[in-house]
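Data first, discussion second: the structure below is written as structure tokens.
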Amino acid sequence: MTNYDHERAIELIARRGTEELVAADLRWLNEHLDGCAECAQYAGDFDNTGRLLRATAIMASPSLVASTQARVRARALYLAEQRSRMVLVAISFCLGAMSSAVSAWLWWRFGAWIAERFGWSQAIVQPGIMLALVLPAIVIAGLMLAFPHPVTDGPLMTALAREREGRNQ
């Protein structure tokens, strides 16, 4: 037998209890276990270990349970806060897009009026007005990226700060 046969047998033994094996693989494994004492011993030990692990009760300590519950509550609070923020962001975006479209049209018309009134070229005045409108937003976005809002305030971080060993103080 080759080393590959033993590796294949070990892989199939490990998968046998958790996955449904193809009939050909199961037949090959049974034939291999009949002829290989080392793999048969491994299969027996593997099955015994699985039975022993399933028979042993594992209990988490009360502090572990409490801290896990606190983290789950904090995560739920964080997710709820994110959802509410996303709704506000979506509403703000829609209102901003509508008002931007209307004001851009009005400013474009204003640029045409200025160009006509003073005899300037519309090809310079109208894009110039639009740039003047967009430039503050670009500057503010750059500042927001350069100096991000700290995430240490808000109800989530306050709740986490109050948690001591899984209990609210």
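Nothing in this text is a laboratory measurement; each read-out follows from the coordinates by a stated rule. Fair warning: this is a prediction, and the values are worked out from it, not measured in the lab. When we count neighbours, we look across all protein chains shown, and the Cβ atoms used for this are built from the backbone with ideal geometry, even at glycine.
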Legend entry - Packing-based ranking, highest mean first, of 96-102, 34-40 given that Cβ atoms within 10 Å are counted: 34-40, 96-102
Inset, instruction - Could you give me the percent of Cα pairs per 5 Å distance bin for the chain, shortest bin first, beginning at zero and ending with the bin that holds the maximum distance? - result: 1, 6, 8, 8, 7, 6, 6, 6, 6, 7, 7, 7, 6, 5, 4, 4, 3, 2, 1, 0, 0
Legend entry - Degrees, to the nearest 10: 37-55 long Cα axis against longest axis of the chain: 60 degrees
